[in-house]
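Participant: Take this structure first; my questions come after.
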Amino acid sequence: MAFNIRSSVFGNGGKIPRKYTCEGDDTSPPLSWSDIPAGTKSLALIVDDPDAPDPAKPQRVYVHWVVYNIPPEAAQIGEGGSAPSGAAAGTNDFGKQSWGGPCPPIGRHRYFFKLYALDKTLDLKSAKKKDVETAMQGHILAQAELMGTYQKGD
């Protein structure tokens, strides 16, 4: 089997339930993964939206969640963003070190949950997405991705 990430509340390409958005409880969805490659020393999770602000005319990628140094023996992040012990939270585009749920101003947006298996832990403090991506270069053993969508009113 291949390294993968999934959620029990939406499938790949499916709608993210309102509960996990700004129109609901704005809590993070449960995520789990399996088949981590041999030699993995840590995992990193980046959740972003490439459709901001308008999917018809995207202008930027909006970062919703950054978690890194997830221990390889961890198999999930539970609902509500309870990252495993030892993991570090990065800063998202809401200026928070936690989940910031979907809240698209217009149209249906795509949200990519990207999980990276790394051959090292990252020596970072209060990192942003770009810092994590830079530190990961040359150290990615595998990548798994889950995409969910959301439009206000769903």
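The values are calculated or read from the model by the stated rules, or taken from the named source; none is laboratory data. Note that this is a predicted model, so its numbers are computed, not measured. Quick reminder, even Gly has a Cβ in these numbers, built from the backbone with ideal geometry, and neighbours come from all protein chains shown.
Participant: How many residues are under 24 Å from Ser7 (Cα atoms) and within 14 Å of the chain's Cα centre (by Cα) when one looks only at the range 129-148?
Facilitator: Adding up the residues that qualify gives 9.
Participant: Would you pick out the residues in the range 12-42 that are under 17 Å from the mean Cα position of the chain (by Cα) and β-branched (Val, Ile, Thr)?
Facilitator: Ile16, Thr21, Thr27, Ile36
Participant: If you don't mind, there's one more thing I want to ask. Suppose we filter Gly90, Gly81 for residues that are in contact (Cβ under 8 Å) with a residue 12 or more places away in the chain, surrounded by 14 or more Cβ atoms within 10 Å (Cβ to Cβ), of a type in the set (Gly, Ala, Ser) and within 23 Å of Glu23 (Cβ to Cβ); which single one remains? Outline the logic, then answer.
Facilitator: Values: Gly90 fails: within 23 Å of Glu23 (Cβ to Cβ).
Every option except Gly81 fails the conditions.
Participant: Looking for whichever is more than 18 Å from Gly78 (Cα to Cα), at pLDDT 95 or above, among the polar types (S, T, N, Q) and surrounded by 15 or more Cβ atoms within 10 Å (Cβ to Cβ) here; the options are Thr40, Thr21. Which one fits?
Facilitator: On the way: Thr21 fails: more than 18 Å from Gly78 (Cα to Cα).
Every option except Thr40 fails the conditions.
For (1) of a type outside the set (A, V, I, L, M, F, W, C); (2) part of a strand (DSSP E or B); (3) under 15 Å from Asp48 (Cα atoms); (4) in contact (Cβ under 8 Å) with a residue 24 or more places away in the chain, each residue gets a yes or a no:
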{"residue": "Pro102", "(1), (2), (3), (4)": "yes, no, yes, yes"}
{"residue": "Ile106", "(1), (2), (3), (4)": "no, no, no, yes"}
{"residue": "Phe112", "(1), (2), (3), (4)": "no, yes, yes, yes"}
{"residue": "Thr121", "(1), (2), (3), (4)": "yes, no, no, yes"}
{"residue": "Ser126", "(1), (2), (3), (4)": "yes, no, no, yes"}
{"residue": "Gly148", "(1), (2), (3), (4)": "yes, yes, yes, yes"}
{"residue": "Lys152", "(1), (2), (3), (4)": "yes, no, no, yes"}
